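Some notes on the structure that comes next.
The values are calculated or read from the model by the stated rules, or taken from the named source; none is laboratory data. Since the model is a prediction, treat every value here as computed from it, not as a measurement. Methodologically, a virtual Cβ is constructed for each residue, glycine included, from the backbone with ideal geometry; neighbour enumeration extends over all protein chains shown.
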Amino acid sequence: MISFRDWMAKSVREYYRSDFRKDFFTAPELDRAFGYALASYMAEFIRGYPEPTLFELGGGSGILAYDILTYFREREPDLYSKLRYCIYDFSHELMDIQRHRLGEFEGKVFWTEKFFPLQGIVFSNEFFDCLPVHVIKGGKELFLDDALGEVWANVSDVRTMEVLKRMGYEDLFQVVEVCLDCLDFLKSVAENLLEGYHFVIDYGYTSKDLTRFPEGTLVGYRAHRLYSRPSEGMDITAHVNFSLLEEYGKDFGLERLVFTNLRDFLLQRPLFREELERLSLSDRPEDIERLSRLKTMLISMGERFKVLLQKKL
Ligand SMILES: C[S@@+](CC[C@H](N)C(=O)[O-])C[C@H]1O[C@@H](n2cnc3c(N)ncnc32)[C@H](O)[C@@H]1O
């Protein structure tokens with residue numbers, strides 16, 4: 001018998017390390033306007049730093065890094081000349097793909113599997129949702145037997161119960177997912193930020209939305225099909241609990257500056273709005289196609305995705 005948390009950790013690691021048929025489709029893969037909007041936003045926070053680092057958690061195909069670096073090289077040459085970009089990942093297969101895509105930025109971009117002290121911004125898009133969760137219901141935790149059947153037994157880590165208590169979830173009779181790994185990452189981020197920000201984009205919820213997910217938020221994908229039961233070779237994700245990141249962030253010296261949804265965040269970026277306007281006035285087929293991708297981003301991701309910016313005190 002294995003806890004669902006351990007099984008998810010193993011499955012996600014295997015999924016990203018295998019020669020997977022890619023089942024995820026992220027905002028930067030829809031259009032470069034996403035990465036440009038992020039870059040223009042982050043530029044203002046790092047302008048004063050002598051040697052700023054942009055530290056991306058989970059680089060995926062490297063597309064977000066490519067768009068951010070392109071933006072800085074073209075529109076912020078002074079900042080570009082002093083900045084370094086670091087990708088943190090555990091998948092050597094994906095790191096090879098990232099290196100290939102980012103070849104033209106050799107010397108500017110680095111890879112790491114460890115945190116290190118830095119001044120700048122640690123950021124991620126669709127990283128925290130990959131982290132494994134403990135699944136709890138009525139004081140019991142979900143385990144899986146050898147046939148991946150569900151078994152509910154005593155909790156494997158007392159910290160899950162402490163989290164439920166602190167977050168006020170103790171008496172909820174529903175499935176609650178507790179991501180202790182999110183807290184461990186948050187702590188590492190905070191400890192290594194000498195000065196700077198933590199910036200998270202992901203699909204997620206807050207405590208007040210929790211009752212909308214009585215069966216939890218876990219989903220598994222294989223070959224773009226959605227599976228509700230655990231099976232081998234799946235990409236498994238859980239929505240990110242942003243209230244948890246905010247509450248425990250305080251313990252680690254991270255203060256919330258911004259929390260909003262992706263649609264509002266993007267529509268507040270002048271660059272993104274200008275691009276939307278320009279594309280909507282154009283009749284070039286390529287622009288019409290890009291406009292439709294931006295609308296998909298705003299409509300299908302805009303509400304579900306949240307944006308959190310924390311400052312290291
Ligand atoms: C969905 S992809 C991110 C996509 C990318 N940020 C984008 O916007 O296109 C998740 C990435 O996080 C990495 N990852 C997932 N869990 C990780 C972990 N525990 N430690 C390090 N990297 C992890 C995966 O290898 C993959 O590169």
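Annotations
- Enumeration of residues in segment 244-280 that are within 30 Å of Thr160 (Cβ to Cβ) and assigned to a helix (DSSP H, G or I): Leu244, Leu245, Glu246, Glu247, Tyr248, Gly249, Lys250, Asp251, Leu262
- Filtered residue count, segment 50-75, keeping only those that are surrounded by fewer than 18 Cβ atoms within 10 Å (Cβ to Cβ), more than 17 Å from the chain's Cα centre (by Cα) and outside any helix (DSSP H, G or I): 2
- Assessment of segment 221-239 against the conditions (at pLDDT 90 or above, outside any strand (DSSP E or B) and touching a Phe, Trp or Tyr at 6+ places or on another chain (Cβ under 7 Å)) yields at least one matching residue.
- Selection over segment 124-141 of residues that are surrounded by fewer than 23 Cβ atoms within 10 Å (Cβ to Cβ) and over 18 Å from the mean Cα position of the chain (by Cα) gives a count of 5.
- Test: Ile121 is farther than 22 Å from Ser18 by Cβ and either loosely packed, with under 13 Cβ neighbours inside 10 Å or aliphatic (A, V, I, L, M) (or both): yes
- Selection from segment 166-206 of residues that are in a helix (DSSP H, G or I) and farther than 20 Å from Lys140 by Cα: Cys182, Leu183, Asp184, Phe185, Leu186, Lys187, Ser188, Val189, Ala190, Glu191, Asn192
- Taking segment 53-86 as the range and being within 21 Å of Glu113 (Cβ to Cβ), within 10 Å of the ligand (Cβ to nearest atom) and of a type in the set (D, E, K, R) as the test, only Glu56 passes.
- For segment 101-129, filtered to residues that are more than 28 Å from Met301 (Cα to Cα) and in a helix (DSSP H, G or I), the residue that is nearest to the ligand (Cβ to nearest atom) is Phe105.
- Any chance Arg5 is out of contact with any Ser or Thr (no Cβ under 6 Å at 6 or more places or on another chain), buried (at least 21 other Cβ atoms within 10 Å of the Cβ) and within 30 Å of Val135 (Cβ to Cβ): yes
- Pairs where the first residue, in segment 47-70, is touching a residue at least 40 places away in the same chain (Cβ under 8 Å) and at positive phi and the second is part of a helix (DSSP H, G or I) and within 16 Å of the ligand (Cβ to nearest atom), C-beta under 6 Å, 6+ apart: Gly62/Gln98; Gly62/Arg101
- Of all the listed residues (Phe34, Phe90), the sole one being part of a loop (DSSP other than H, G, I, E, B), within 17 Å of the chain's Cα centre (by Cα) and within 11 Å of the ligand (Cβ to nearest atom) is Phe90.
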